[in-house]
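J.: Sharing a structure, written as structure tokens. Questions coming.
The values are calculated or read from the model by the stated rules, or taken from the named source; none is laboratory data. Note that the coordinates shown come from a computational prediction; the quantities given were computed from them, not determined experimentally. We place every Cβ from the backbone using ideal geometry, glycine too, and count neighbours over all the protein chains shown.
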Amino acid sequence: MDRDAPMPTFRLDARLPIAQASPWHSQPVTEDSLALQVLTDLTQVKAATVHPATPLAQAEQLMIYQGVRMLFVVSDMPAIEGLVTAADLHGDRQMRRVHERGLRYEELSVADVMTPLDELEAVDYGRLRQMRVGHVIATLRRVGRDHLLVWQEATAVTPRRVRGLFSRAQVERQLGRSIDAAPIARSFSEIERALA
């Protein structure tokens, strides 16, 4: 066939339906389902990112626009510096920064409230084939966060990297029920603030 030849065209019927995308994590799961069924795999879904200098209000708008509650903080793609969550934007951390620095909320940036990558826990992608959704829930509870990163060891073609994440909200959606993953204090200052 001649590559410069136009393709055949057709007239369409009135009111022809449009194809609807299926949600990428739509299948229901149980605690015995494979953990991979609730994984947000960054090789299949584009990571939602934000620059550390982005004002908090703009970061919140990015979350709303992209339909997420967490952004990867990135200055120089693809190196991740940390995470910022919807809770970080309006929680205790941003209020502390306002008081410590004598700033207004509008002057804070993502860098002021994000959680640095070296303070986050992650699970090994290579071990997920044996893990179940129940293991994901137990781990989210243990780390006391709404998101859990998944790292992957280097291969012949890719460096060691963050491969994906587990989101409490995504697990709840697929389970059809809520799960309790209350924050856990990880330092004396966090315990002190919780008791105050």
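J.: Give Val98, Val74 a once-over and let me know the one that is part of a strand (DSSP E or B) and among the aliphatic types (A, V, I, L, M).
T.: Step by step, each of Val98, Val74 is checked, and only Val74 is part of a strand (DSSP E or B) and among the aliphatic types (A, V, I, L, M).
J.: Can you give me the number of residues within region 83-97 that are more than 15 Å from Gln58 (Cβ to Cβ) and buried (at least 16 other Cβ atoms within 10 Å of the Cβ)?
T.: Residues of region 83-97 more than 15 Å from Gln58 (Cβ to Cβ): 83, 85, 87, 91-93, 95-97.
If we keep only those that are buried (at least 16 other Cβ atoms within 10 Å of the Cβ) as well, we get 83, 85, 87, 93, 97.
The qualifying residues number 5.
J.: Still on this model: So, Thr54, is that one hydroxyl-bearing (Ser, Thr, Tyr), surrounded by 10 or more Cβ atoms within 10 Å (Cβ to Cβ), out of contact with any His (no Cβ under 8 Å at 6 or more places or on another chain) and over 21 Å from Arg163 (Cα atoms) or not?
T.: Yes.
J.: Residues Val143, Val110, Val73: which one is over 24 Å from Val29 (Cα atoms), surrounded by 13 or more Cβ atoms within 10 Å (Cβ to Cβ), of a type in the set (A, V, I, L, M, F, W, C) and in contact with an Asp or Glu (Cβ under 6 Å, 6 or more places away or on another chain)?
T.: Val73
J.: Considering only residues that are farther than 13 Å from Val68 by Cβ and assigned to a loop (DSSP other than H, G, I, E, B), look in region 32-48 and name the one that is farthest from the chain's Cα centre (by Cα).
T.: Asp32
J.: So, one more: Of the conditions (1) small (Gly, Ala, Ser); (2) on the phi < 0 side of the Ramachandran plot; (3) over 18 Å from the mean Cα position of the chain (by Cα), Ala122 fails just one. Which one is it?
T.: Unmet condition: (3).
J.: Of all the residues that make up region 120-178, how many are in contact with a Lys or Arg (Cβ under 8 Å, 6 or more places away or on another chain) and in contact (Cβ under 8 Å) with a residue 40 or more places away in the chain?
T.: So the count comes out to 7.
J.: Going by the structure shown, is Leu83 under 16 Å from Ser167 (Cβ atoms), touching a His at 6+ places or on another chain (Cβ under 9 Å), of a type outside the set (Lys, Arg) and part of a strand (DSSP E or B)?
T.: yes
J.: Take Val29 and tell me if it is modelled with pLDDT of 95 or more and β-branched (Val, Ile, Thr).
T.: It is false that Val29 is modelled with pLDDT of 95 or more and β-branched (Val, Ile, Thr).
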